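**Student:** Sharing a structure with you now.
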């Protein structure tokens, strides 16, 4: 039996090393500073982490195989090329639905570089 470290522990140690490994020790300049870390888009990192976690859970519980088999039987697709095309079509449909929501959401669904954007003024809400 081989002893292995937990993936989460390895990630925390690796992230901690970024704050400890010096670039220029005489000037106390390290690989990353707290100000640099505060500018990281953590939402994107969490999105990737959640996707990886859900994907591994789908694989380990057998749900991915069950869903794939059900879709294959339902649509009569059994070849690898057919399954790849089916997955591509589903991904395009999901992306198109997200883009349509982003375009039609009130106030827009785009990310603003300002964490606290001020509402836009329209001609109907000008002060008197």
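The values are calculated or read from the model by the stated rules, or taken from the named source; none is laboratory data. Everything numeric here is computed off the predicted structure, so don't read it as measured data. Here the Cβ positions follow ideal geometry from the backbone for every residue, glycine too, while neighbour counts run over all protein chains shown.
**Student:** Taking residue 95, is it out of contact with any strand residue (DSSP E or B) (no Cβ under 7 Å at 6 or more places or on another chain), surrounded by 11 or more Cβ atoms within 10 Å (Cβ to Cβ) and either within 22 Å of residue 8 (Cα to Cα) or without any contact (Cβ under 8 Å) to a residue 24 or more places away in the chain (or both)?
**Tutor:** Numbers: out of contact with any strand residue (DSSP E or B) (no Cβ under 7 Å at 6 or more places or on another chain): yes; surrounded by 11 or more Cβ atoms within 10 Å (Cβ to Cβ): no; either within 22 Å of residue 8 (Cα to Cα) or without any contact (Cβ under 8 Å) to a residue 24 or more places away in the chain (or both): yes.
No.
**Student:** Okay, moving on. For region 1-40, which residues satisfy the criterion of being in a loop (DSSP other than H, G, I, E, B) and either surrounded by 11 or more Cβ atoms within 10 Å (Cβ to Cβ) or within 24 Å of the chain's Cα centre (by Cα) (or both)? Talk me through it step by step, then tell me what you get.
**Tutor:** In the first step, residues of region 1-40 are kept if they are in a loop (DSSP other than H, G, I, E, B); the result is 1-6, 21, 28, 31-33, 39-40.
Scanning region 1-40 gives 6, 21, 31, 32, 33, 39, 40.
**Student:** Now for a different question. Consider residue 58 against the criteria (1) in a helix (DSSP H, G or I); (2) surrounded by fewer than 10 Cβ atoms within 10 Å (Cβ to Cβ): it satisfies all of them except one. Which criterion is unmet?
**Tutor:** Condition not satisfied by residue 58: (2).
One line per residue, one yes/no per condition, for (1) under 30 Å from residue 7 (Cα atoms); (2) at pLDDT below 90; (3) out of contact with any strand residue (DSSP E or B) (no Cβ under 9 Å at 6 or more places or on another chain):
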{"site": "38", "(1), (2), (3)": "yes, yes, yes"}
{"site": "46", "(1), (2), (3)": "yes, yes, yes"}
{"site": "54", "(1), (2), (3)": "yes, no, yes"}
{"site": "67", "(1), (2), (3)": "yes, yes, yes"}
{"site": "73", "(1), (2), (3)": "no, yes, yes"}
{"site": "102", "(1), (2), (3)": "no, yes, yes"}
{"site": "119", "(1), (2), (3)": "no, yes, yes"}
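**Student:** So if I check each of 124, 112, which one is surrounded by fewer than 10 Cβ atoms within 10 Å (Cβ to Cβ), modelled with pLDDT under 90 and in a helix (DSSP H, G or I)?
**Tutor:** Numbers: 112 fails: in a helix (DSSP H, G or I).
The unique qualifying residue is 124.
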